[in-house]
Structures are given as C-alpha cells and as structure tokens.
Number of protein chains: 4
Amino acid sequence: MSRPAHSFSTRASFGDCDPAGIAFYPNILGWLDRTFHDWLWEFGGHAALCARLGARGIGVMEVSARFLAPIREGDRLTVELAVEEWKERAVRLAYRIGSNDRLVALGHETRGLFAQGPDGMMAARLDALRDVLEDHEKQAG
Amino acid sequence: MSRPAHSFSTRASFGDCDPAGIAFYPNILGWLDRTFHDWLWEFGGHAALCARLGARGIGVMEVSARFLAPIREGDRLTVELAVEEWKERAVRLAYRIGSNDRLVALGHETRGLFAQGPDGMMAARLDALRDVLEDHEKQAG
Amino acid sequence: MSRPAHSFSTRASFGDCDPAGIAFYPNILGWLDRTFHDWLWEFGGHAALCARLGARGIGVMEVSARFLAPIREGDRLTVELAVEEWKERAVRLAYRIGSNDRLVALGHETRGLFAQGPDGMMAARLDALRDVLEDHEKQAG
Amino acid sequence: MSRPAHSFSTRASFGDCDPAGIAFYPNILGWLDRTFHDWLWEFGGHAALCARLGARGIGVMEVSARFLAPIREGDRLTVELAVEEWKERAVRLAYRIGSNDRLVALGHETRGLFAQGPDGMMAARLDALRDVLEDHEKQAG
C-alpha cells in the first residue's frame, strides 16, 4: 500500500458484532466509508467539497474486502486509507484495518464524482478533486 | 391501541442480532421507522409529501420502546402502526411488534413536520399533513 | 442528571445520516448502547462481566429519547452516561448527548441482567453487578 | 450467473439511504448477507446448520460488489443468489440486485465454514454443507 493519506481509529462495540460474536461484515465496510469521510473533513467535508466542485456526491462504484482474522467486541482498530490510483473519472482507494499490530482486513473502494448531466447522473472528471486533495497533501508533506 | 393505520412484516436476520443472539435494540427501532416510511408510500412517499407540504422532513422528536420478549434470528415479525393523537405541531404514533401471535415490543414516536423558518428549522402546523393522511383513511374505510 | 459515570466521544459520519441530512435516529440510539458498552470495558467488558455473574446479557428492557436539535454529519458528539436508579432487578441509566456545548439529545435506558432460569430467560437480582460497578466508582472517586 | 438458488425481496427505506439520497453502500451489502441467511432458513437456519455440522459459523472471507445504478428510497429490490463454485474449504456465491427489471448491483461473497481447531478457528471442509444444500436443491428440482 502507498503511504496512508489518512488514518481513523475506532473500537468494535457489542452492537457491531453478530451472533457468532464477530464484527458483522457490512459494519466493517461501514468503517471504510467512515474513514474516507473522516479524511474529507480535512478539506471541509463531503458536502462543502461537492458544492465547490458542482457535484452531488463522491460515491462508491466498486468495493471489495478480504477478512483475514475475526474482529471481536472491544478490539481497538486502526483503518488506514491510501490513494492507489487516479484515473480520469475514478479513483481507487486502498484500506488496511489493523488491530494490535496485526492486519485483520484489507479493502478497496473505487469512487467517482457524481454530477447531474443532461441524461441523469454521470461520473465527472476528477482533476479538480485531485487538485484539492493533493495540494493539501503537498502542504502537509 | 387505536385501529392500525398500517402494518409491515419482516423477518429478523442474523445481521440484526447481537452476540447475545437477540435483535440489537437500535435495529428494532429501525423497524418502527421503516414501518412509518412504508406507510407513507401509500401517499407518494416521504419526499413527495414533504415537497407538497413545503417541508424538509417528517422527523422524530421523541421515541420510546419496551421490549417484552427477545427477538431471535428467523423470527417473523409484524409491526403495526396506529395514530394515537394529533396535536397542533406533533403527532403521536403507537407501534406494536408481534411475532407468532405474541406481543414482543411496544413503541411510540412523536413526529413533527420540519420546515425552514426565519430562524432555522421549526416544527410546522400539521393540518395539511393530517388532511392527506386522514382523507386516504376515509377512502380506505 | 447525576454525576456522569462515563463519557464517550464520536463524530457523526455521512453514513449515520439520512436523506434529510441529519443523523438517523436509530443510529443515535446506537450511540447510547455504544457508550454503555464502552463503560463496561473498565470492568473487563460485557462478556467477562456476564461470565463472572452467571448471566447471558445485560439487556435493555425500556428505552426512550428526546431529540432536541438536529445532528449533522461532521458534528462532534459527547455522550455522557449516569446511573439514575438501582432497583432490585433493573437499573435506570440517563444519557445526555452534547455537541459544541449544546445539548442535542437526552435518553434513558432501563437494563436488566438476564440469566437462564428454569422457565426461560429471567431478570436476575442486580446486587452483584452493582457491587462491581460501584466498587470501581469508589476507587476512582 | 448460474440458476439462482434463492431470491429475496425488499424495499429500500428512508433509513437505508444517505444524505446523497441513495442507499448507503454498507446497507446494500447487508442485503446480500440477509439473502444468504434467508436461504439458510430452507435448511433450518444458520444456527441449526452450524450445530449439525459442528461449526461456529458460515462466515465471509471475501466480498466484492459493483454498484451500477443508484438505489433510492422506495425502490423495490430483488436479490438473487447463485452458488458459483464449490472449493474444498470455500464456496463462492454470486448476487444480482434488480429493481424494476433493471440490474442495479452485482456482488460476490466467498464463505467458509468456521470451526474450532487445535490452534484457533479454522476453515473446515465443505463436503457436509454442500451435501445438505445440494440435496435440497435436487429435491426442489
């Protein structure tokens, strides 16, 4: 994975887990989304960014995840997000979830910037979004 | 409870349940909200009703619930909704959740119609909403 | 509210919110449960406590909440929990959710300690649970 | 996709959707899991099957999904599940979500049968699970 752009920490709670006593997997994917949105707060948040870019949302087109070890209630988790690849109308993000220095899950999201086009919603070019996110990265670097 | 205005059926799934093997209570409250919104589809749905009434949302101001028996995965549930009382700017809804002829939970929601006022969001008068919902009831009756 | 026994901080995320742009209320109740379980980690966590007390779970019998102001994505929240009253087989907990020094929601849970009895699950006496939780309080005080 | 082994219908509710007005993607993945568990009820349900097979759970090792069109509140959805491939210790399931004869999402899960081994949880052989699920298929065919 490239250098993480952002990291988010949380703790698996009782209510995140299922009758088998481990985190219910849609909740694990919820932590990926939460990490992405937490990152966006460094740039004013999803709503402000969309307003600035004339878009309706920065949505998910594809997602995948591998679960390497069970996550149990009480486990402290760190989710790291890295930008893996910018394409013209899609950006691929990589996620790693660690717990106590052990890797417990890996994920990927492919996101696009959705704007109202003449024939409905369409994936817009990502140049402007990339400028915002990378300019900040440069300042931080 | 007054005569139910609407009823909604679902089945508790594995992912609705927690490590104690019973439905996680915030998910039970989610079924109340789901039943309310399912009812609104008889009138065009939440978004269309709000547009028609110049409102932003039909939101919850208060909620309460009593859990009488555990709900387990696989249980078939029926949620009944009844309008308990119309006030000027609030409507009180009563819910009963049954499973196999046994009452397993009771709930109440107090909802208002939220509109943009000069000083932020405010609870609007409910006359127009009541007219829509009761006119339909009369036609059905 | 009595002196808080525990406090838990989180941030409302995009995925916690609904199409009206505010936190979906079952998710707000999920934060109450999360705060309670976060508190239990000071005593070994829910599973260890239940094993020690011969119980199956510390479950919710009643819940109520009032929503005083909308919670929007990005809002930083602090949930405070206080023990309001110990009864023989039920404990009443009070919750306050604040955001930027403003009170945005109030809640109550009534919880019991559920154990397997001769005729199914039953609410057990709470003396032993109270001893654990209050002894810790005394040490901290 | 192979012939569907099971299909499950639901309706996207207000609370399934996010501030962009479309179904929050972890909730869409929740519908995949719900469809799988709904299928298992034809064989007694997850808990009974696990007891019969000496396992702790039929868990997800990998998941992926592609979102082809936005799912909005009120959309009626049908989720179809097909067994794509049986391996020694993993089964690959394919999902299709349709709404009004339009395909709106595709998904895959790789699941294993987890049992307590001498060194912790391990993926068990799937022969017995396959026998149960395919015998039923034959009877139905």
> So which residues in the stretch B:96-113 are open to solvent by less than 40 Å² (accessible area, probe 1.4 Å) and within 21 Å of B:PHE14 (Cα to Cα), if there are any at all?
Replying inline: B:ILE97, B:GLY98, B:SER99, B:VAL104, B:ALA105
>> Quick check on the stretch B:61-71. Is at least one of its residues within 13 Å of the chain's Cα centre (by Cα), at pLDDT 95 or above and closer than 20 Å to B:SER9 by Cβ?
In response: yes
>> For the stretch D:82-93, give me the residue count where each residue is within 14 Å of another protein chain (Cβ to nearest Cβ) and among the hydrophobic types (A, V, I, L, M, F, W, C).
In response: 2
> Which residues, counting only those in the stretch B:82-141, are β-branched (Val, Ile, Thr) and under 26 Å from B:ARG66 (Cβ atoms)?
Replying inline: B:VAL83, B:VAL91, B:ILE97, B:VAL104, B:THR110
>> So for the stretch B:86-95 (the condition being open to solvent by less than 40 Å² (accessible area, probe 1.4 Å) and free of Cβ contacts under 8 Å to residues at least 24 places away in the same chain), does at least one residue qualify?
In response: no
>> Looking at D:SER2, D:SER7 in this structure, which one is over 23 Å from B:SER9 (Cα atoms), more than 12 Å from chain A (Cβ to nearest Cβ), surrounded by fewer than 17 Cβ atoms within 10 Å (Cβ to Cβ) and hydroxyl-bearing (Ser, Thr, Tyr)?
In response: D:SER2
>> For the condition within 18 Å of the chain's Cα centre (by Cα), crowded, with 21+ Cβ neighbours inside 10 Å, in a helix (DSSP H, G or I) and free of Cβ contacts under 8 Å to residues at least 24 places away in the same chain, what is the one hit in A:GLY30, A:GLY15?
In response: A:GLY30
> Inside the stretch B:33-54, can you point out the residues that are in contact with a helix residue (DSSP H, G or I) (Cβ under 8 Å, 6 or more places away or on another chain) and either part of a loop (DSSP other than H, G, I, E, B) or over 26 Å from B:ASP127 (Cβ atoms) (or both)?
Replying inline: B:ARG34, B:GLY44, B:GLY45
> Only one of (1) open to solvent by 30 Å² or more (accessible area, probe 1.4 Å); (2) within 11 Å of chain C (Cβ to nearest Cβ) is not met by B:ALA55, so which one is it?
Replying inline: (1)
>> For the condition of a type outside the set (Asp, Glu), open to solvent by 10 Å² or more (accessible area, probe 1.4 Å) and in contact with a Gly (Cβ under 6 Å, 6 or more places away or on another chain), what is the one hit in A:ALA48, A:ALA20?
In response: A:ALA20
> Going by the conditions given, is A:PHE67 within 11 Å of another protein chain (Cβ to nearest Cβ), surrounded by 20 or more Cβ atoms within 10 Å (Cβ to Cβ) and closer than 21 Å to D:GLY30 by Cα?
Replying inline: yes
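The values are calculated or read from the model by the stated rules, or taken from the named source; none is laboratory data. These numbers were taken from a predicted model, which means no experiment stands behind them. Counting neighbours? That spans all protein chains shown, and the Cβs are built from the backbone with ideal geometry, glycine included. In case anyone asks, the SASA skips ligands and DNA or RNA and just uses the protein heavy atoms, side chains included. Shrake-Rupley method; radii C 1.70, N 1.55, O 1.52, S 1.80 Å.
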